[in-house]
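Notes follow the structure.
The values are calculated or read from the model by the stated rules, or taken from the named source; none is laboratory data. Not measured: the values here are computed from a predicted model. Counting neighbours? That spans all protein chains shown, and the Cβs are built from the backbone with ideal geometry, glycine included.
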Amino acid sequence: MPNGKPGARRSPDYRRFATAAEAIRSAVEEFPAVRTLGAWMKVGAERFNGDDIQRLYKSTSYPRRRRRRKSR
């Protein structure tokens, strides 16, 4: 078990993705608090912060299927 309290949430570590769309999906769907975690993404020379990542995910031109939210 990693260091820390059992059941405690980990912040995301550095990861590489084949496409920016995969990185965006992962950040938003796997780490919903992406804005508060200080996450960022670098594509070429451009750097995107958590707000930018959320904006890109919500864009109508986002090329990937989004995970459906559970209804309550």
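Filtering Ala33, Ala27, Ala8 for residues that are at pLDDT 80 or above and either of a type outside the set (Phe, Trp, Tyr) or surrounded by 13 or more Cβ atoms within 10 Å (Cβ to Cβ) (or both) leaves a single hit, Ala27. In the stretch 11-24, the qualifying residues are those that are modelled with pLDDT of 85 or more and of a type outside the set (D, E, K, R), and the one that is surrounded by the fewest Cβ atoms within 10 Å (Cβ to Cβ) is Ala18.
Please find, within the stretch 36-52, the residue that is farthest from the chain's Cα centre (by Cα) out of those that are modelled with pLDDT under 90 and part of a helix (DSSP H, G or I). Result: Asp51.
Determine, yes or no, whether Phe48 is crowded, with 19+ Cβ neighbours inside 10 Å and free of Cβ contacts under 8 Å to residues at least 12 places away in the same chain. Taking the combined requirement at face value, the residue satisfies it.
Can you confirm whether Ala39 is crowded, with 17+ Cβ neighbours inside 10 Å and either closer than 15 Å to Pro63 by Cα or touching a residue at least 24 places away in the same chain (Cβ under 8 Å) (or both)? Yes, satisfied. Take the conditions (1) surrounded by fewer than 10 Cβ atoms within 10 Å (Cβ to Cβ); (2) at pLDDT 90 or above; Pro2 misses just one of them, which is (2).
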